[in-house]
Amino acid sequence: MQFLPELTLLGASLVVFIASLRSTEAATTRNLAIGLGAAIFGATLLSVNQTGKLFFDAYQVDLFSQVFKMLIAGAMLLVLLFGQALKGIPEKIYPEYYLFLFISVLGLMMLVSSVELLSIFVALELSSFAVYIMVPMRDDSGKFRFQMEAGIKYLLFGVTATGFMLFGMSYMYGLTGSTELSVVITKLSTMWDNPAAVIAMMMVLSGFFYKLAIFPFHFWVPDVYEGASNETTAFIATVPKLAAVALLIRLVSLISGDGQVIVNILMVCAIASMFYGNLSALVQKDIKRMLGFSGIAHAGFVLLGILTFQITGYANAIYYIVGYVLMNLACFLVICSVSKKGENVMIEDLSGLHKRSPIMAFTLAVGLFALAGIPPFVGFMGKFMLLAGALSEGYLLIVILAAVNTAIAIYYYLSVVRITYCSGPEERGVITPSILTSVTSVFLLAIIVFMGVSPQSFIDYASTAVQTIM
Amino acid sequence: MDQLLINPDYPHILSTLIFLPLAGAILLLFVRNEYFARYWALGITTLTAILSIPLVIAFDRGTSCYQFVEQVSWIKSLNIQYVVGIDGISVLLVMLTTLIMPLCVLASWSYIKTRVQAFMVCLLIMECAMLGVFMALDFVLFYILWEAMLIPMYMLIAIWGGPRKIYASIKFFLYTLAGSVMLLVAIIWLYIHNGYSFFIPDMMWQNYSSSAQIFLFLAFFLAFAIKVPMFPFHTWLPAAHVEAPTAGSVILASVLLKMGTYGFLRFAIPITPEATMTLAPAILWLSIAGIIYGGFTALAQSDMKKLIAYSSVGHMGFVTLGIFVLNTAGVEGAILQMINHGITTGALFLCIGMIYERTHSRELRDATGVGKHMPIFVTFLTFFSLSSFGFPATNSFVGEFLILAGTFEHNIWLALAAIPGAVLAAAYMLRMLQKIVWGGTDNPDQSWISDLNLREIVILAPFLFFVFWIGLGAEPFINIIHVSVENLLNNYHGFHNQVAVVTELITQ
């Protein structure tokens, strides 16, 4: 039972692998994938209260990891639901696409349970390599091959980041003589005056920063978002971030004593991410690029919760990243629906969306206002709690800078809302989302509002989960 | 918690007022019938207005406590409560909001032709948020409603606005949001320094350090001065007013601008009294600058809506002047003038909207000489114009008189500097009135124009009623605000006396 979600995923991968061996109808494959996704989500729900240690204590199953597995599976299911049409992928490789999707999710699920340097590395690589392949799997209808460019960029940056990480891990092992996370970090916490310890920590963090797209490991984001198909981008933009935050919290929560050096590093990265992301997003024309840059800024906000080193701060960070995933999924749902044959969506392609499909326009507006942090949506509550947490730890300057960033960000979100609501369709066709997509979007809207209006139970649950690893 | 009074006769009246429009809006989302949307919105806003009447009847005029209080814990871990209540400072603003909304719906009856349901949904959500802002006694609740209001207002301008609606709506949104982000930081700072409580009355009259008070005050000032708007933060206002549909302009002028001045009274003065004392002179002179600047700019406008918009800058300058002279006459005059400005300027925007519906132009020269053909309309317009520049026997006269009296008491030079503003107001309003009623020898042919219909008369009549009621018998209005204002000023002066005593002790 402890390993149930991972086993289900593995089984699901095998099923689609078998499907890939024979020629399967595209519709069958899609329905199969959704069914398997639901089964995986169900498995995570079943095993949510499991605890225990596996594989010589390298793999820890606790409430924290199980909650994240549930979130990862849930987000994956949502991506499968609204990306079911899979417009950007050639039909004949549908089974392979789902195969790599499931394997990547498997890697992410293993990542949140890993408490040992090597298993962290293996899990991270498993999830990354699957996505490296998913990116160039796009239909090359334009013959520009820019999905190849995106794939190569993603691979090179990814390999570099994990290279750093591995190098940092070797330092950690050298300094502490162990690969077990709890031992390593506890020992490192006593030697922050040793530059090697700080460098080792920085290098290991860089691996997660890469997944979370934090400055200065964000360079892949815009090009990969643009080059990958809309459905793949929806996946990359949301699901891996959950796992990255989980592991970041696991790592940072073990730091005891005076971790001021690490706090300073996190603070600089947070501020730089916010400013870089928001300022770059201002000038984007492709909505996926814009969301990519906004994602960099939001990752900076998440760090704001982590750098408090408090349980409430971690809980806020979890609340925020879950909210971010939901808001982002709402936006990507609209992108996937608006895109006719899987092509990229420019911001101006959204003109007159309110006439072409009122529900999509409404979903997009709510998603963007939520991302901008306007109440009563989840984005505001998350931001508010992060700022309150950081300020109660005395980080006044960073809170002010973060608040300034909110004001910058509103402009580009608002520009998109303006296009959808205030301009005519100009001969762009009507969009009729499938019933499944509409239901998903209503569900997303409801939960975005609900989490924003009554965050208490979510925060409590996140705190309980965090407490199990402290 | 001794500042809170629960009124047992009306235990949930405030929540009803807040959530009734919201519920109406949510229901309306599922309806696809324009006629139904109009009548539904009218019904909901009228019902809200009727339900709000007990507020003034049952309001206890002898106490400065918050009345009709409702208190429920909302987010426990952060100690955020849902707590609403009204006192003398907010009761009239609440009434103004509830009473003006049905008239806004009526004014949009034929003006809004496209996407009627969505328009009415925005109006109803606006009403919910505006009422909530005036009632909220928890700072997070206040901030959430204060920000949430931006979305429907943005939509009102951006979708149903005039030709430059996109520019105007984005400017409005960015200005207001940018102003209030520092307010958020200030709120969190106060929360941490008040034993982790967002309860507004707990934050008042505390001894924060001088430098902290200055920063808090500046954060408040930025948010509220943009909303008022005070010179030099006023540039969003003419754009937004001009482009907004009539109902949007009325809501902006009558209610939204009052939130800034309400914020000064509710937050800036009680929470940062020391900084208020230090920075009041600067704000007073900014108010004077606003009065004079608004007056001169209004004098030069050829667009009627812009003219009224700039006159708003001047009028709101009087209000901030009255607030920051910090004596009874000044503050009472300021609150009364907030109501008066809501009535008069709201009515003027409605009048201009009615002309616009006929001529499809906001230009003054296209509306010249309609007096002959629209006698009822110009009668209304004349009274509202007279009221706008504070003609005796109209409402604004009482407000401006009190403010100027308070200013004389405070500083004679300041009062003398404000006087030209009153003269300018007469100049630009009479200029507009003269052109609209008589015009010149080159009037366009207006003979085809029809006079007001019954609906339009019904819209304007209540405004006229209040213009004269407040103008001739302001006593009941002053009574309802008096105790709260006295309490505010007593606390303010008491705080400073206490500080003076402490400093004296230290120096000894």
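For the reader, a short list of remarks on this structure follows.
- Here A:PHE275 does not fit the description of being part of a helix (DSSP H, G or I), in contact with a Gly (Cβ under 6 Å, 6 or more places away or on another chain), more than 25 Å from A:PHE102 (Cα to Cα) and among the aromatic types (Phe, Trp, Tyr).
- Annotation: B:PHE215 fulfils all but one of (1) at pLDDT below 90; (2) over 22 Å from the mean Cα position of the chain (by Cα); the unmet one is (1).
- Taken together, the criteria place B:SER302 among residues that are modelled with pLDDT under 90 and farther than 30 Å from B:CYS128 by Cα.
- Positions within segment A:423-438 being over 25 Å from B:TRP160 (Cα atoms) and surrounded by 15 or more Cβ atoms within 10 Å (Cβ to Cβ), in sequence order: A:PRO433, A:THR437, A:SER438
- Residues of segment A:362-397 that turn out to be in contact with a Leu (Cβ under 8 Å, 6 or more places away or on another chain), farther than 17 Å from B:TYR154 by Cβ, buried (at least 23 other Cβ atoms within 10 Å of the Cβ) and more than 8 Å from chain B (Cβ to nearest Cβ), as a count: 5
- Among all positions in segment B:292-301, there is at least one residue which is closer than 15 Å to B:TYR428 by Cα, surrounded by fewer than 21 Cβ atoms within 10 Å (Cβ to Cβ), aromatic (Phe, Trp, Tyr) and touching a residue at least 12 places away in the same chain (Cβ under 8 Å).
- Of the residues making up segment B:112-130, one or more are charged (D, E, K, R), farther than 30 Å from B:GLN3 by Cβ and at pLDDT below 90.
- Tallying residues that are among the aromatic types (Phe, Trp, Tyr) and on the phi > 0 side of the Ramachandran plot within segment A:1-55 yields 1.
- A single member of A:GLY342, A:GLY352 is of a type outside the set (Phe, Trp, Tyr) and within 14 Å of another protein chain (Cβ to nearest Cβ), and it is A:GLY352.
- Cross-chain or 6+ apart pairs with Cβ under 9 Å, segment A:12-26 first and under 9 Å from A:GLU96 (Cα atoms), then among the acidic types (Asp, Glu): A:VAL16/A:GLU96; A:PHE17/A:GLU96; A:SER20/A:GLU96
- Exactly one residue among A:LEU86, A:LEU101, A:LEU77, A:LEU71 is in a loop (DSSP other than H, G, I, E, B) and in contact (Cβ under 8 Å) with a residue 24 or more places away in the chain, and that residue is A:LEU86.
- Any hit, segment A:398-412, residues being under 24 Å from B:LEU156 (Cα atoms), without any contact (Cβ under 8 Å) to a residue 40 or more places away in the chain and either more than 9 Å from every other protein chain (Cβ to nearest Cβ) or among the charged types (D, E, K, R) (or both): no
- Top-ranked residue in segment B:147-165 [being within 8 Å of another protein chain (Cβ to nearest Cβ) and out of contact with any Pro (no Cβ under 7 Å at 6 or more places or on another chain); ranked as surrounded by the fewest Cβ atoms within 10 Å (Cβ to Cβ)]: B:ILE159
- Residues (in contact (Cβ under 8 Å) with a residue 12 or more places away in the chain, facing chain B (nearest Cβ under 10 Å) and in contact with a helix residue (DSSP H, G or I) (Cβ under 6 Å, 6 or more places away or on another chain)) located in segment A:415-429: A:VAL417, A:ILE419, A:TYR421
- Residue match in segment A:233-246 (condition: modelled with pLDDT under 90, part of a helix (DSSP H, G or I) and in contact with a Leu (Cβ under 6 Å, 6 or more places away or on another chain)): no
- So B:PHE119, is it within 8 Å of chain A (Cβ to nearest Cβ) and either in a helix (DSSP H, G or I) or touching a Cys at 6+ places or on another chain (Cβ under 9 Å) (or both): no
- Pair list, Cβ < 7 Å and 6+ apart or interchain, from segment A:453-470 residues that are within 20 Å of B:LEU141 (Cβ to Cβ) and more than 9 Å from chain B (Cβ to nearest Cβ) to residues that are assigned to a helix (DSSP H, G or I) and modelled with pLDDT of 90 or more: A:PHE458/A:TYR319; A:PHE458/A:MET451
The values are calculated or read from the model by the stated rules, or taken from the named source; none is laboratory data. Please read these numbers as outputs of a predicted model, since none were measured by experiment. With ideal geometry, Cβ positions are generated from the backbone for all residues, glycine too; neighbour counts draw on all protein chains shown.
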